[in-house]
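Please treat every number below as a calculation from the coordinates, not as lab data. Note that the structure is predicted; figures quoted are calculated from it, not measured. Note that each Cβ is placed from the backbone with ideal geometry, even for glycine, and that neighbours are counted across all protein chains shown.
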Amino acid sequence: MIEINAERFILSLNKLREFGKSGVGKGVVRPAYSLSDIAARDWIAEQMQLAGLKVNFDPLGNLFGLASMDSILLGSHTDSQPEGGWLDGSLGVMAALEIARSVKEQGGPPVSIVNFQDEEGRFGVTTGSAVWSGNASIAEADQFKDVNGISLKEARGLMGERCADFVSPDQFKGFIEMHIEQGPQLDIKGQQIGIVSSIVGIRDMKITFQGEQNHAGTTPMQVRKDAFQSLSLFNNMLNQRLRNIVTPQTVWTIGQVIIHPNAPSIVPGQVTFSMQWRDAELDRLLRIDDIVRSAALDVAKEMEVSVSFGTMLGLDPVEMDKNLMGALEYAANKTVGSQWSKMHSGALHDATNVARLMPTAMLFVPSISGISHSFDENTDDPDLISGIRVLATAVDYLYANVN
Ligand code: HGY
Ligand code: MN
Ligand code: MN
């Protein structure tokens, strides 16, 4: 039975938070390949080594700590959103580290760790695990650019000589990712653990309306080709047209808008914005794609502007492995009694990509008030500790029942 050291686990989470600590509360700014991200990865690599694991950075900067033989893989990611919380991704990596440390001290099943790079999509969507799993090629990913026009190829160059070859997935029996829920369900129900049954699918692309830049005082309204007005019309039209095909779980977001030249006295000539949508059903994701494109084309015609579509990124919805879920259910019953439920994940995770390679499962702990992708993200320590105990118990159970 793996006995984790709860105090050391919470201390490590707080130590990791020092890399990129920012904003109010427990906020973190640690985007992929930033100095704080790379420094955090170096610290984690040292800790992996101390836990008796062999360290390997792959060409993307995905960091693995490998046990000496076939093992279960645990982990998540430690890059953050531009304004992120201290637990999103970090929790799964620090939980994996604590379990590996405990195994080294007490003996126990072989446990390897992964810390994926760019899960939060500075460049793509779950970029590091997408490339590792073969969902995207490295040549393709290298062309991805961040909001400032920096390419992934350029950014990953900053990791320099650390990076070696890709790690073969064949040595892993399965993958379990522990994560915060990032939504309100567990908090509302007052439960401690969520066992994920499926993960949402996503589509994400940039759309540009190109109009005509001109003087905001002298250009009559009827002759303007205003890029912002085009976006505004598009947003209204899209909301109308989606009404009849979406479910209450379907979500769509325009979260990033770059308007040019972004000045009060200039009719904006160009707007590029992110268009993202998520749904649990592939068919609906594809139907929304058609609606997004036709609405943008109709707006372009009506507003006499041109429209262009960037590269479509996406991950299809995925089911979790029943056998691994069974181990988590056993462990949850043992650790928290009935204080758990099965749930769907509306957030994306590296687990989606890894599920292409091996049996994969996830467990959640509550997010206070359901807040995440915000400096205000937090979880109570007892819930963090229950989560890692469930994870450790599930690992024990799997080895007891397979080997
Ligand atoms: O966007 C997501 O769901 C993930 O947190 N990157
Ligand atoms: Mn995450
Ligand atoms: Mn996230």
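Of all the listed residues (401, 378, 353), the sole one being touching a residue at least 12 places away in the same chain (Cβ under 8 Å) and surrounded by fewer than 17 Cβ atoms within 10 Å (Cβ to Cβ) is 401. Residue 385 falls short of the stated requirement of being farther than 17 Å from residue 198 by Cβ, of a type in the set (A, V, I, L, M) and either within 16 Å of the chain's Cα centre (by Cα) or within 16 Å of ligand 3 (Cβ to nearest atom) (or both).
Restricting attention to segment 260-306, which residues are under 19 Å from residue 241 (Cα atoms), more than 28 Å from the chain's Cα centre (by Cα) and of a type in the set (Asp, Glu)? Within segment 260-306, 298, 302 meet the criteria. Of all the numbered requirements in (1) in contact with a Phe, Trp or Tyr (Cβ under 7 Å, 6 or more places away or on another chain); (2) within 16 Å of ligand 1 (Cβ to nearest atom), residue 331 misses one, and that requirement is (2).
Taken over segment 125-170, the criterion of being touching a residue at least 24 places away in the same chain (Cβ under 8 Å), small (Gly, Ala, Ser) and touching a Gly at 6+ places or on another chain (Cβ under 8 Å) is satisfied by 128, 130, 141. For segment 1-39: of the residues being in contact with a Gly (Cβ under 6 Å, 6 or more places away or on another chain) and touching a residue at least 40 places away in the same chain (Cβ under 8 Å), which is surrounded by the most Cβ atoms within 10 Å (Cβ to Cβ)? It comes out as 28.
Listed by first and then second residue, the pairs linking a residue in segment 106-124 that is in contact (Cβ under 8 Å) with a residue 24 or more places away in the chain and more than 12 Å from residue 76 (Cβ to Cβ) to a residue that is part of a strand (DSSP E or B) and within 16 Å of ligand 1 (Cβ to nearest atom), with Cβ atoms under 9 Å apart and 6 or more places separating them unless they lie on different chains, are 112/75; 118/77; 121/204; 121/313; 124/204; 124/313.
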